[in-house]
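Colleague: I'd like to ask you about the structure that follows.
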There are 2 protein chains.
Amino acid sequence: MDQKDRDIVRALQRNGRMTNQDLAEAVNLSPSPCLRRVRNLEASGVIQGYSADVDPVAYGLPITIFVRIRLERHNEPDVRKFEQRVRMIDEVLECHILTGAMDYQLRVLVPDLKAYEDFIRNRIHPIGGVASIDTSFVYSTVKRTSVFPPPN
Amino acid sequence: MDQKDRDIVRALQRNGRMTNQDLAEAVNLSPSPCLRRVRNLEASGVIQGYSADVDPVAYGLPITIFVRIRLERHNEPDVRKFEQRVRMIDEVLECHILTGAMDYQLRVLVPDLKAYEDFIRNRIHPIGGVASIDTSFVYSTVKRTSVFPPPN
DNA sequence: CTCCGATTGGCAGGATATGCCAAAATTGTA
DNA sequence: TACAATTTTGGCATATCCTGCCAATCGGAG
């Protein structure tokens, strides 16, 4: 993981479908060693995959919601059960554990408010053991990039 | 934006570098119309781009932070200035406006705590007009996907 | 200066993308 | 229901790109 690897990673974050030839040129390598570095980054798990960035509104999911959830009990079985169930919910694109009060923050995508009500009532509440739910709707997005900051 | 387009989108969210031939097979099309649909989705802005998914720890940015910021004044110039400055900060990968109290939520990536202190002191505070900052560190990530839920 | 390992560059064969045209399917209309 | 206009599809040929192999180069260590 040297400077050249970081250059490659950032170039592929900017455009994950650029040809290996263009990538090689962008990082001042010839195609062969460039491709080998990319394959190494993939095999070692630095590059976990590639994905299309899609406009959720155009796709039909105009409502993004950040949901913060706190559990009643923080014992192993309850935590495990909650996390396992959350992973299976398609509407949940992200779920992080935040330091502090054993809080979860979920990023949820739904087509309308009715779907969000369904999500809470039929997906979250049935899991059980939820102490509180705090809902924050995304009004608009000021910035969204997948390119990591350059290392200094 | 019919069902086939949605299938294409979700397949490319799962693997943004799959060949057009494989994609065509996955959505039951021949390569030609499949590629044309992809190009249309790109040209119409549904597919905004492609990016490599990179492990931030392996890259050297082990600390993810959600920062919630509230401004002192919500007038046009202050808001515009804040958003413009935030967009220029490399460490900020996301910035959303949350409904309710004109709050911002930022996703920030830094190598260590010192860098976060620098970020707050030298990037956020100099903007001015910030009333409060609430910091939540990500302890671990339970789920993270870029594939949208299927439409039902 | 010399040796050794790692990295690089170039080449050839195979796979993939892409533009074009005819065929098929779909939509709207009477 | 039948028909016509439009859209979408499938297949082919060419051009581009990927990828595995081998020799050449680079960078340290002794």
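Colleague: May I ask you to list the residues in the range B:106-125 that are open to solvent by 30 Å² or more (accessible area, probe 1.4 Å) and facing another protein chain (nearest Cβ under 9 Å)?
Modeller: At the first step, the residues of the range B:106-125 found to be open to solvent by 30 Å² or more (accessible area, probe 1.4 Å) are B:111-114, B:117-118, B:121-123, B:125.
B:PRO111 - this is the single residue of the range B:106-125 that is open to solvent by 30 Å² or more (accessible area, probe 1.4 Å) and facing another protein chain (nearest Cβ under 9 Å).
Colleague: For the structure I just gave you, tell me whether A:LEU71 is more than 7 Å from chain B (Cβ to nearest Cβ), in contact (Cβ under 8 Å) with a residue 12 or more places away in the chain and either touching a strand residue (DSSP E or B) at 6+ places or on another chain (Cβ under 7 Å) or closer than 19 Å to A:THR145 by Cα (or both).
Modeller: yes
Colleague: Go through the range A:14-35 residue by residue and tally those that are within 18 Å of B:ASP53 (Cα to Cα), charged (D, E, K, R) and away from every other protein chain (no Cβ under 11 Å).
Modeller: 0
Colleague: For residues in the range A:126-144 being at the interface with chain B (Cβ under 7 Å from one of its Cβ atoms) and not polar (S, T, N, Q), which is most open to solvent (accessible area, probe 1.4 Å)?
Modeller: In this case the residue turns out to be A:TYR139.
Colleague: Kindly state which strands (runs of 3 or more DSSP E) lie completely within the range B:1-105 and contain at least 1 residues that are surrounded by fewer than 17 Cβ atoms within 10 Å (Cβ to Cβ), within 15 Å of DNA strand C (Cβ to nearest atom) and β-branched (Val, Ile, Thr).
Modeller: Because the criterion is at least 1 residues that are surrounded by fewer than 17 Cβ atoms within 10 Å (Cβ to Cβ), within 15 Å of DNA strand C (Cβ to nearest atom) and β-branched (Val, Ile, Thr), no strands (runs of 3 or more DSSP E) in the range B:1-105 meet it.
Colleague: Also: Quick one: is B:VAL147 more than 10 Å from chain A (Cβ to nearest Cβ), in contact with an Asp or Glu (Cβ under 9 Å, 6 or more places away or on another chain) and in contact (Cβ under 8 Å) with a residue 60 or more places away in the chain?
Modeller: Spelling it out, it is not the case that B:VAL147 is more than 10 Å from chain A (Cβ to nearest Cβ), in contact with an Asp or Glu (Cβ under 9 Å, 6 or more places away or on another chain) and in contact (Cβ under 8 Å) with a residue 60 or more places away in the chain.
The values are calculated or read from the model by the stated rules, or taken from the named source; none is laboratory data. All values reported here derive from a predicted model rather than from experimental measurement. Every residue, glycine among them, receives a Cβ derived from its backbone with ideal geometry; neighbour counts consider all protein chains shown. To get the accessible areas, we keep the full protein, side chains included, count just its heavy atoms, and leave off ligands, DNA and RNA. Shrake-Rupley method; radii C 1.70, N 1.55, O 1.52, S 1.80 Å.
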